[in-house]
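Everything below concerns the one structure shown next.
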Amino acid sequence: MYIETIRHLHCTVLRAGGELDHAGRVRFSARINAVWDWSEGPVLVFDLGDLDFYDSSIIGVLAMAMQRMEEQGSGRIILVRPSDHLLSVLRLTDLLSHVELRESVEETVAELMLDDPARGSPSLSHPRFSTPRR
């Protein structure tokens, strides 16, 4: 499994590929904790489209981030290019309602930049965990 992190002003992109199993979950959770303060909120953008295999550990990773955001009262999780299987699992576990869905990392980063109130742009209202968008 590989995990790549990219720091942007308004978000942190976490791109994962390969096989995410129990050992990968531990590494992925540690990486999330290491980059937690890289963006205000934080805003975590997960690009999981290159995962070849994942077990229930993916739910553990996302649930850990959601729980931490819930405890601190802020943050957003954005999933880019989630597989149909992952969407089904998130629906079954009732986690889908706590994430936002996007098609492209680049478009997501650009959208977050344009949505910056400090730039004078009108800010869209984003609840801590918003309804998924497809």
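The values are calculated or read from the model by the stated rules, or taken from the named source; none is laboratory data. Computed from a predicted model, the values in this text were never measured in an experiment. Because the Cβ atoms are built from the backbone with ideal geometry, glycine has one as well, and the counts that use them run over all protein chains shown. Each accessible area value is taken on the protein alone, full model and side chains, heavy atoms only, with ligands, DNA and RNA left out. Shrake-Rupley method; radii C 1.70, N 1.55, O 1.52, S 1.80 Å.
Across segment 91-134, the qualifying residues are those that are among the hydrophobic types (A, V, I, L, M, F, W, C) and either at pLDDT below 90 or assigned to a loop (DSSP other than H, G, I, E, B) (or both), and the one among them that is nearest to S39 (Cα to Cα) is A118.
Filtered by the rule that a residue be assigned to a strand (DSSP E or B), open to solvent by less than 70 Å² (accessible area, probe 1.4 Å) and either among the aliphatic types (A, V, I, L, M) or out of contact with any helix residue (DSSP H, G or I) (no Cβ under 8 Å at 6 or more places or on another chain) (or both), segment 48-74 gives L48, G49, D50, L51. Listed conditions (1) loosely packed, with under 15 Cβ neighbours inside 10 Å; (2) touching a His at 6+ places or on another chain (Cβ under 9 Å); (3) not in a loop (DSSP other than H, G, I, E, B) are all met by V45, apart from (1). On the stretch given as segment 3-18, residues that are surrounded by 15 or more Cβ atoms within 10 Å (Cβ to Cβ) and over 24 Å from L114 (Cβ atoms) total 3. Looking at this structure, is R81 in contact with a strand residue (DSSP E or B) (Cβ under 6 Å, 6 or more places away or on another chain) and either hydrophobic (A, V, I, L, M, F, W, C) or surrounded by fewer than 21 Cβ atoms within 10 Å (Cβ to Cβ) (or both)? In short, yes.
Of note, S29 satisfies the criterion of being closer than 14 Å to I3 by Cα, in contact (Cβ under 8 Å) with a residue 24 or more places away in the chain and within 13 Å of the chain's Cα centre (by Cα). Residues in segment 43-90 that are among the aromatic types (F, W, Y), under 14 Å from the mean Cα position of the chain (by Cα) and modelled with pLDDT under 95: there are none. Checked against the criteria, E40 does not count as of a type outside the set (F, W, Y) and assigned to a helix (DSSP H, G or I).
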